[in-house]
Amino acid sequence: MSKYERDPEFKKTSILDDYEIKWNRSLGTGVSGPVRLCIHRATGKEYALKLLLDRSDRKKAEIEATLHWRCSGGDHIVRIVDIYRNEIQQPGELSPKKRILLVMELMEGKELFDYISKRHHFTEHEASKYILQIVRGVQFCHRLNIAHRDIKPENLLLLKPASNPEDVVIKLSDFGFAKVDNGDLKTPQFTPYYVAPQVLEAQKRQKESLSGYKHRTPYYYDKSCDIWSIGVIMYIMLCGYPPFYSEVPHQALSNRMKQKIMSADFDFPENDWKAVTDEAKDLIRKMLCVEPSERLSIEEVLHHPWLAQNASPNRDLNSPYLISDKDALVEVQGAHAKLLQNFRRDDTGFYLKPLGQAKNPVLASRMKKQEEKKESGGAGNESEPSSSKAVQSLKSLMDVCNMPPPPPSLSSESSLSSSFLSESVKNALVLNEHNASLLKALEQESWNGNEFIHQVNCKRLASSLQELIEQLEP
Ligand SMILES: Nc1ncnc2c1ncn2[C@@H]1O[C@H](COP(=O)(O)OP(=O)(O)OP(=O)(O)O)[C@@H](O)[C@H]1O
């Protein structure tokens, strides 16, 4: 019996007895803060350490640790080797905090699409090998009745062999949104772009029931939303752009995009898809199927000919080029104006570099609006109650945090966005100056009253703002 078939032991002894934590070696940062490098004292082996706040009022960290642990026996799941429950102080903190510490196998943090964009030759055959690994990871979770619910490129970590790049190993990580699927998952939880229709429907229904509307039958969503996400990832892998675009880049998920997702309104533009096999398109259609009961199960995906027959062609795909190349994407935009018209990426999930290389019009127009507001001496409609204006200003700040980062090559745009972020914080503070939670969240991001001293973790700030808005809104 593998140790992962038993529930995990949350060790109470100090992690520092067993591991040396390299506090200055961040492997990547998410909502829960940086994942650090640590070294097993007895063997000298390197691991990744994720630190989760262990809040007594919420079981979130414990659930993430437990579900990730249960899936850790899978070949395509990042393995947890140890879990500790310790009070530990990170550098820069005033006092120790209760934490759950996940010691994981060390992966190469590179993101899947970033890796693909650097490949000179990338074929449908190779894409099928990558998708197969993702499917195997998800299959492992689903067999344990666990839905991951946040399958996106940043949560697919890589191990690269020195020899053949085709042998890259892909593993699924970050079980922060995972749940045991009893067929009654109804917390609307998603990341835009990879969100399945039934998640949106669940969200709509939850809103309706909060406003008193009663549904005759409860609406549920389940593991099948993971299949939808794999469908979106496969689509992008084969052509270089996503099947659904948002028309409003700064908005988390526009109504238009929601409509498109809920009606599975996508196609395979001939120019980019003519070299792709019908089997691949057939599989995508069956994964991006609106009705969850008609969508393939993970076992059916595995048995689909595109994966089962291992016969996809070795022809080069354009996707790496389109994912990374500005000119190519401009061509795509022209050729598929219908699909791309007015749509832009809005998710920080992964970044289609070329789209952001135009001088960010959203940023510019938002700055202009803020300027106009300042000049007119107000924060908007005077008849609005000040509390709703305060919430609105927090929402605007959250929108800014959720905007995609500029590409590293555009340092000027980067400084523009950080000064815009500071301006947005100041605007929010005018109406929320006594909000202790806001001040705390800003301090955590090194806000000195005028600007951020260090790199801001926009995802984490957006998530704190979301919590705050939920508390303030009736
Ligand atoms: N086992 C690992 N080995 C190497 N790097 C890792 C490992 N686990 C996580 N990372 C790095 O840390 C980043 C954040 O990890 P993770 O996604 O688990 O954190 P999170 O706080 O839950 O993030 P998110 O904001 O996506 O919810 C990853 O994108 C990756 O770059």
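The values are calculated or read from the model by the stated rules, or taken from the named source; none is laboratory data. Computed from a predicted structure; not experimentally measured. Because the Cβ atoms are built from the backbone with ideal geometry, glycine has one as well, and the counts that use them run over all protein chains shown. Side chains are part of the model used for accessible areas, which takes the heavy atoms of the whole protein and leaves out ligands, DNA and RNA. Shrake-Rupley method; radii C 1.70, N 1.55, O 1.52, S 1.80 Å.
Quick notes
- Heavy-atom accessible surface of segment 37-149: percent carbon and sulfur, 1.4 Å: 50 percent
- Listed residues Gly44, Gly92, Pro34: farthest to the positive end of the dipole of segment 3-105 (Cβ charges): Gly92
- Cα-derived Rg over Rh, computed across segment 3-105 with Rh taken as Kirkwood radius: 0.94
- Residue-by-residue Karplus 3J(HN,Hα) for segment 121-129, coefficients 6.51, -1.76, 1.60, Hz, glycine and proline x: 10, 9, 10, 4, 4, 5, 4, 5, 5
- Charged-residue dipole, Cβ positions (Lys, Arg, Asp, Glu), segment 3-105 about Cα centre, Debye nearest 20: 180 debye
- Length released on extending from Gln309 to Glu87, taking residue separation times 0.36 nm less the Cα-Cα span: 74.8 nm
- Under the Karplus curve 6.51 cos²θ - 1.76 cosθ + 1.60, θ = phi - 60°, whole-Hz ³J(HN,Hα) for segment 30-47, x wherever Gly or Pro sits: x, 4, 7, x, x, 8, 9, 7, 9, 10, 5, 4, 6, 10, x, 6, 8, 9
- Peptides 111-120, 464-473 ranked from most to least packed by the mean count of surrounding Cβ atoms within 10 Å: 111-120, 464-473.
- Among the listed pairs Lys50/Lys179; Lys97/Lys395; Lys129/Lys274; Lys98/Lys389; Lys274/Lys459, those beyond 27 Å (Cα-Cα): Lys97/Lys395; Lys98/Lys389; Lys274/Lys459
- Efficiency of FRET from Cβ geometry, Glu20 and Asn450, R₀ 30 Å, rounded to 0.05: 0.20
- These residues, Arg70, Arg99, go from largest to smallest accessible area, 1.4 Å probe, as Arg70, Arg99.
- Solvent accessible area, Å² - Arg79, 1.4 Å probe, full protein context: 90 Å²
- Under-5 Å amide H pairs with Tyr19, H placed in peptide plane, nonlocal only: Arg41
- Amide hydrogen neighbours beyond the local backbone of Asp181, cut-off 5 Å, H modeled: Ile146, Ala147
- C-alpha center-to-center spacing [segment 17-76, segment 140-163] in angstrom: 16 Å
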